[in-house]
Amino acid sequence: MGHSEAVHEALRRHLETSWPDRHHDEFRWALGPIEEALPGFAVHRVSPLGPGDSYIYLSTGAFGVNDEPMREFFIMSPTESPRHVETLAMVAHYHSFPQHRLSHGSVLDIGRPWVKGSENRHILVSWPYSLDRRAAICMAEGEEITYLWLIPISAEEARFAREIGTEALEERLEDSGVNLLDPLRISTV
């Protein structure tokens, strides 16, 4: 097993160990150039444990060769949708280009609402505040891989993050008490 395959397998085991009581599925996105850019890329879906819990979609294989630091991404959602698999594939593919490396504070326009009916069509790349630290960081083949949270935000919030700063937007989101996973939430800006 090569380095990349071993890391993929370590990520899968890590995710299954992090949520042992939940149902897990793995998906591939066959459209576009993702398989050529990131061979073996997949999205791991962790189902809710019960009412009030969310689905967690996590990438496995967004890291590229010689990435430093190694990053993977996740989206949380109140609903199940292949749209989240597509979003993670799109973000991972974008991240695979050295000139587009994503990190905490990056803001992306994904070109469509994150879920049907939502006004939020941008993504804020944030620290994994919503995950237990043990789930957010995976050690694989001697490498530390951190999962970054893709938070859906409005165009106004994206502009605020770019002009005022990511930290100011994160504080605003936290102070507002909005449910970040509500597809119909209004902008905090």
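Odds and ends about this structure:
- For the chain, the longest principal axis of the alpha carbon atoms and the long axis of helix 3-18 meet at an angle near 60°.
- Geometric extent, Cα atoms of the chain - Rg, Dmax (angstrom): 15.8, 49
- With the simple spin-label model, which puts each label point 7 Å out from Cα in the Cβ direction, the Asp175 to Ser4 separation comes to 4.5 nm.
- Per-residue SASA remark: Arg12, around 40 Å² accessible (1.4 Å probe; ligands, DNA and RNA not included).
- Highest-MSF residue in the chain out of Val125, Val43, Val178 [GNM, Cα springs under 10 Å]: Val178
- With N the number of residues in region 116-172, Rg(Cα) / (2.2 N^0.38 Å) evaluates to 1.37.
- Positive minus negative residues near Ile34 (Lys, Arg vs Asp, Glu; Cβ under 13 Å): -2
- Counted charge near Tyr129, where neighbours are those whose Cβ lies closer than 15 Å (Asp, Glu -1; Lys, Arg +1): -3
- Solvent-accessible surface of the chain, taken per residue with a 1.4 Å probe and all protein chains present: 50 Å².
- Geometric descriptor of region 15-87, per residue, is 93 Å³ (volume of the convex hull of the Cα atoms).
- Neighbourhood charge, 9 Å Cβ-Cβ cut-off, centred on Arg45 and excluding it, Lys, Arg +1 and Asp, Glu -1: -3
- Among the chymotrypsin sites (Phe, Trp or Tyr not before Pro) in region 81-165, those placed in a DSSP loop whose Cβ has at most 14 other Cβ atoms within 10 Å are Tyr129.
The values are calculated or read from the model by the stated rules, or taken from the named source; none is laboratory data. Everything numeric in this text was worked out from a predicted model, so none of it was measured. FYI the Cβ positions are ideal-geometry reconstructions off the backbone, even for glycines, and counts take in every protein chain you see. Ligands, DNA and RNA are stripped out before the accessible areas are found, and what is left, the full protein with its side chains, is counted by its heavy atoms. Shrake-Rupley method; radii C 1.70, N 1.55, O 1.52, S 1.80 Å.
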